[in-house]
Amino acid sequence: MKDERLVEMKIFKAVAETGGFTAAALALDLQQPYVSRAISNLEKRLGVSLLRRSTRRLQVTQEGYQYLALCKRVLDEIDSAEAQLSRAGRHMSGDIRVTVATSFGMDQIVPLIPGFLERYPGLRVRLSLSDTLADIIGEGFDVAIRMGNLQDSNLVSRKLCHLQRVVTASPSYLAKHGVPSVPADLARHNCLMWEPPMDHLNHWPFMIDGEHTSMLINGSFQTSSGVSSVYMCLAGVGITRMAEHMVLPSIRSNMLVPLLTDFQPKDETGIYVLYPRDVSLHPRVRAFIDYIVERFERPPWAA
């Protein structure tokens, strides 16, 4: 059930101080009928009349003045608490240990760090870029940012955004080798492959005649780095299937061409921020998590 008590307190305080519903509505940027209903609901819940209404003016009752004093104390306490926390936030200190995959970290997370450090100048970010999944708890990390399907139930996760991978190649490669029109055509193309532990991504999923299927691709180049695969794709070496954040800028500039879009299924995976299941999460860690979530409300690569 939604608790409207603080809202009603703010509205009553504004009505009492401005002397009317319309003036209070203007002060709070609310509709006058909403202000009137809020006061009626408040009086009904309390079982007392807080305002004496007449055609000329509103007058605060004795009970209204008692409640007004209470409202001021409560709202002042809230303002004071938030101000103290805000000051504490600006003066937080200490390290935040973060682990993230190399390609995504360099492409998307590193550019966000300067803004975070500017907001919280007392904090230090220790960023580990690695394509090997770290033992977050065992290795003492505060936060991990991961792509794909989650497996570790000992961690709390917050989804940053949806993850979609795209099959693409350069115009020079397609001019030389032709454009695949159906997934089966990939068997005669040079596809850029992943090395373990990412080699499960060498099975490319497609939707054919309403059914999900996958195709094991093959090619002359294999890597553990998404950046390397994109570079080789841009150089015309082969076809890659890569996360949107890596290839959309090149697609928009016509340096890469999306392929087999009629067969592309919606990826059922995402990008997540994870942290240990600890009810006493340190404020500096929560500040970093909230900052990253805020930045991904609209993914930076979204059109």
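Quick note: the coordinates plus some simple rules give every number you see, no bench work behind them. Fair warning: this is a prediction, and the values are worked out from it, not measured in the lab. Cβ atoms come from the backbone with ideal geometry, glycine included; neighbour counts cover every protein chain shown.
For this structure, a couple of remarks:
- Backbone geometry of segment 214-228 corresponds, through the Karplus equation with coefficients 6.51, -1.76 and 1.60 at θ = phi - 60°, to 3J(HN,Hα) couplings of 9, 10, 7, 8, 8, x, 8, 10, 9, 8, 9, 10, x, 4, 5 Hz, x marking Gly and Pro.
- Low-density loop cleavage sites - GluC sites (Glu not before Pro) in segment 1-65, where at most 16 other Cβ are within 10 Å (DSSP): GLU4
- Relative contact order of segment 5-90, pairs being alpha-carbon contacts under 8 Å that are 6 or more residues apart, as %: 26 percent
- Translational diffusion of the chain, µm² s⁻¹ [Kirkwood Rh, Cα pairs; Stokes-Einstein; 4 °C; 1.567 mPa s]: 54 µm²/s
- Rounded if a/c under 1.5, otherwise prolate or oblate - segment 210-252, Cα gyration tensor axes: oblate
- Cleavage-rule hits (GluC sites (Glu not before Pro)) in segment 247-303: DSSP loop, at most 16 neighbouring Cβ within 10 angstrom: GLU268, GLU297
- Taking other Cβ atoms within 10 Å as a rough exposure proxy, MET207, MET9 sort from fewest to most as MET207, MET9.
- Added length on full extension, which subtracts the Cα-Cα distance from 0.36 nm per residue, ARG124 to ASN154: 8.3 nm
- Less than 5 angstrom separates the built amide H of VAL125 from those of ILE96, all sequence-distant by 5 or more or on a different chain.
- The trypsin sites (Lys or Arg not before Pro) found in segment 214-303 that occupy coil by DSSP, while having at most 11 further C-beta atoms within 10 Å, are LYS266.
- For segment 165-263: rounded, prolate or oblate by the Cα gyration tensor [a/c cutoff 1.5]: rounded
- Taking a ≥ b ≥ c as the square roots of the eigenvalues of the alpha carbon gyration tensor, segment 30-183 is prolate, as a/c is not under 1.5 and a/b beats b/c.
- Relative contact order [Cα under 8 Å, 6+ residues apart], the chain, whole percent: 20 percent
- Residue exposure sequence - TYR275, TYR65 - by fewest surrounding Cβ within 10 Å: TYR65, TYR275
- Order of VAL285, VAL179 under a 10 Å beta carbon neighbour criterion, fewest first: VAL179, VAL285
- Charge context of ASN202, other residues only, Cβ under 14 angstrom, K/R +1, D/E -1: 0
- Positive contributions from Lys and Arg (+1) and negative ones from Asp and Glu (-1), summed over other residues with Cβ under 13 Å from the Cβ of CYS71, come out at -1.
- Note on the chain: GNM, Cα springs under 10 Å; of THR22, THR223, THR261, the largest mean-square fluctuation is that of THR22.
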